[in-house]
């Protein structure tokens, strides 16, 4: 698989089908792989620290997340950029269906007890073999709990960069074949994540719905973050720095 570089972050050019196949092969062959996403705010945040850049670039797969990253890839690389907009929120239902089909065991780590309970309730056919909220835990106890569960896939939703740091520091102690950083993606499992309609998604305006639903928390990310991200991309494209 090929990577493209956007602001020092190497993003994997991968489709939903290829990502799912990658996971299926890792489980079947009993290999360990770590996967995360790169949204525009992830890339901005990571670029503020060489240590974080190294950590996120150490992931086996770093898939794009959202329209801004897709647009940046096309600005920088033209037709050699990303072929289409990719989001974790669209991929996780695909992963759930495959996990049910393949009888995989999944452990959910992150978010709140309420969200985790809804995720278990909503996915009665999915083998969720354990859960842990993202606020009250000790690494040593949690790692034992995860390993004792026998999960093949560990979902980690702590937000960036906490989840990437936790995964890179603990991956060698974990037995799961696939460890996936999902941000607030556990809400997708729970069915509680608010998304824009298909038109907003197609136009790359899903962020607007998140801003409207949670303006106090999200205004800085979107109203400052998106212009800043695109400014830095344009600066590299046209001014080479």
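With the helix formula -39500 (n - 2.57) applied to DSSP H stretches of n ≥ 4, the chain reaches a computed 222 nm mean residue ellipticity of -14500 deg cm²/dmol.
Largest GNM mean-square fluctuation among 37, 231, 16, using the chain with Cα springs under 10 Å: 231. For the options 180, 165, 155, a Gaussian network treatment of the chain with springs between C-alpha atoms closer than 10 Å singles out 165 as fluctuating the most. Over every Cα atom in the stretch 118-205, the radius of gyration and the widest Cα-Cα span, Dmax, amount to 14.8, 45 Å.
With Rh defined as the Kirkwood radius, the inverse of the mean 1/r over Cα pairs, the Rg/Rh of the chain is 0.95. The C-alpha atoms of the chain define a longest principal axis, and helix 67-77 lies at about 50 degrees to it. Cut-off 10 angstrom, C-alpha nodes, Gaussian network model of the chain. Which of 215, 161, 93 fluctuates the most? Largest GNM mean-square fluctuation: 215.
Relative to the longest principal axis of the Cα atoms of the chain, the long axis of helix 113-122 lies at roughly 80 degrees. Helix 139-149 against the longest principal axis of the chain: what's the angle in degrees, Cα atoms only, rounded to the nearest 10? Approximately 60 degrees, to the nearest ten.
Using R₀ = 30 Å, calculate the FRET efficiency as 1/(1 + (r/R₀)^6) where r is the Cβ-Cβ separation of residue 169 and residue 45; round to 0.05. After rounding, the FRET efficiency stands at 0.95. For the pair the stretch 162-223 and the stretch 111-159, the centres of their Cα atoms are 16 angstrom apart. The reciprocal of the average 1/r between distinct C-alpha atoms defines the Kirkwood hydrodynamic radius, which for the stretch 1-131 equals 16.1 Å.
Read-outs: derived from the displayed coordinates by stated rules, not from any lab. For clarity, every value in this text was computed on a predicted model and none was experimentally measured. Quick reminder, even Gly has a Cβ in these numbers, built from the backbone with ideal geometry, and neighbours come from all protein chains shown.
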